[in-house]
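Quick note: the coordinates plus some simple rules give every number you see, no bench work behind them. For clarity, every value in this text was computed on a predicted model and none was experimentally measured. Note that we place each Cβ from the backbone using ideal geometry, even for glycine, and neighbour counts take in every protein chain shown.
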Amino acid sequence: MNAHAEVLYGALLNCKTHADVQALLEDLCTFQEQEQMIQRAYAAKMLMEGKTYADIIAETDISSATLSRVSRALQHGSGGYKKFIPSQEN
């Protein structure tokens, strides 16, 4: 990990509440970037709960390409979605 990344990761680790995370993300990201991350996290939660692509797209308006990337990350990624996003199935 490089020193630049450590600044961001340290900032995230320093967050103690949802409000802390929200404030940090509002300063770090545009509204659209936040919305995209929210959409992806929610889509991952829905996939872990066994929802269909059609259900997820209808509820979140996520693109099928992005949903496919989220699904690939769930299946072959580093495990972050499964570790940090609670679902009814976990």
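Data overview
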item	result
Local electrostatic count at Asp27 - Lys and Arg +1, Asp and Glu -1, tallied over other residues with Cβ under 14 Å	-3
Neighbour cut-off at most 13 other Cβ (10 Å), DSSP loop, GluC sites (Glu not before Pro), the range 21-90	Glu49, Glu89
Helix-derived mean residue ellipticity, 222 nm - over the chain, DSSP H n ≥ 4, -39500 (n - 2.57), to 500	-22500 deg cm²/dmol
Total formal charge among the other residues, if their Cβ is under 10 angstrom from that of Met46, Lys/Arg +1 and Asp/Glu -1	-1
Cα gyration tensor of the chain - equivalent ellipsoid semi-axes, whole Å, descending	25, 15, 13
Extension gain from Ala3 to Phe31, taking 0.36 nm per residue of separation minus the Cα-Cα distance	7.4 nm
